1. Past 29 Å, Cα to Cα: identify those pairs from K244/K324; K37/K77; K76/K137, in the order given.
2. Defining a contact as two alpha carbons under 8 Å apart and six or more residues distant in sequence, what relative contact order in percent does the range 153-241 show?
3. Please calculate how many Å² of accessible area the range 201-274 carries per residue, with a 1.4 Å probe and no DNA, RNA or ligand atoms counted.
4. Taking Cα pairs under 8 Å and at least six residues apart, what relative contact order does the chain come out at, in percent?
5. How about K72: which aspartates and glutamates have a C-alpha closer than 20 Å to its C-alpha, ignoring those fewer than 8 places off in the same chain?
6. Take the alpha carbon gyration tensor of the range 217-297, find the square roots of its eigenvalues, order them as a ≥ b ≥ c, and report rounded if a/c is under 1.5; if not, report prolate when a/b exceeds b/c, else oblate.
7. Amide H neighbours of V215 under 5 Å, at least 5 residues apart or on other chains, H built in the peptide plane: list them.
8. Sort S19, S184 from largest to smallest accessible area, using a 1.4 Å probe on the heavy atoms of the protein chains.
Amino acid sequence: MQLEERIKIFSFLGQNLESFRTDLKQNQGDFFLKDLKNKMCLAEQINPWFTTDNQMYSFDSWSETLTEEKLKKWLKKLPKNTRPKKIGIICAGNIPMVGFHDILSVILSGNFASIKLSSKDNVLIPYFLDELSKIFKGLKNFYEFSPKIQEVDAVIATGSNNTARYFESYFKNIPHIIRRNRTSVAVFSGKETDADLVNFADDVFRYFGLGCRNVTQIFIPEGFDLNRIFKAFFPWKEIINHHKYANNYDYNKAVYLMNQYEIIENGFLLLKESDELKSPLAVLFYKRYKDMDEVRNFIAQHNEQLQCVVGNATNQIPFGQAQKPRLEDYADGIDTLTWLSSL
């Protein structure tokens, strides 16, 4: 199967995901996606964080990304693969289909993906790939699902900092990309509009804040009115009705109050001043600064722990776009396609 054919397969998936929301509203369904509603229900039963809204957001993001034009542009400089390799992929399960970009990279680069799914996200990816394989028979020659990664030429593994140490040791004799915990920050200049702040709410609350691209720390200039943030966040107030999120909110609030930490809260989010990067669930850290050089230095010192920097500067991700990565926005800044081509 040539690259052009593989591109058509995944652009076909993008087209169908784009039409799925319309079909869902009209209570009809494309034949290719006829079981997707049932699969979504199953995915949420297995992992309650995978709400219908968050799954649909993931589908919408992939539908925007998986176009023939964008795929061809992304793969434009990809050299022809004359010696395909078997690549092990260990997926995370924090947000819906979070491992799909690695799988896409391996298959489109002409390699074979041996996929170990997270038990928290083991429904959607197999459904899409297996359904595609029923239509495009040759795709099945490019992937497998395996409970254990073995006899592979290289591996891409995503996990916590603790599991990363295990992965580094276990796969030390083969080429590997090992991904650790990362988080994202936002930098406010003080010139943000109300619309910027409304968009920014998506960077904080989407996927309940569980993704590495979710903002967990904001840098704000001295004198910035925090009430503006709470006002912009108000449309997300219903998030507290999710029982797992509410449990985290109540727990963290109790811990902070018992330890007499100063916090600001609005019934569904806790704001706490802190120098730390990674806030607990339902908490957003903030840090006031006098000079932007303070922020630049802090970010430079913690670069290895950061996935995204959100803001209005030219080198930052625009507000509201953190959870909409492009194909070339690689996790940890490692160009997966270049790495695969070098094997």
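The values are calculated or read from the model by the stated rules, or taken from the named source; none is laboratory data. Quantities reported herein were computed from a predicted structural model and do not represent experimental measurements. Here Cβ is always computed from backbone atoms with ideal geometry, including for glycine, and neighbour counts include all displayed protein chains. These area figures cover heavy atoms from the full protein model, side chains too; ligands, DNA and RNA do not enter into them. Shrake-Rupley method; radii C 1.70, N 1.55, O 1.52, S 1.80 Å.
1. Numbers: K244/K324 24 Å; K37/K77 37 Å; K76/K137 25 Å.
Checking Cα-Cα distances, K37/K77 exceed 29 Å.
2. Working: 99 pairs, mean separation 24.2, N = 89.
It rounds to 27 percent for the range 153-241.
3. Details: 3550 Å² over 74 residues.
I get 48 Å² per residue for this part.
4. Numbers: 535 pairs, mean separation 56.7, N = 343.
Value for the chain: 17 percent.
5. E4, E5, E18, D60, E64, D102, E328, D329, D335
6. Working: a/c = 2.17, a/b = 1.58, b/c = 1.38.
Cα axes put the range 217-297 in the prolate bin.
7. Residues meeting the criterion, in which the H sits 1.01 Å from N, are V204.
8. Values: S19 40, S184 0 Å².
The residues order as S19, S184, largest area first.
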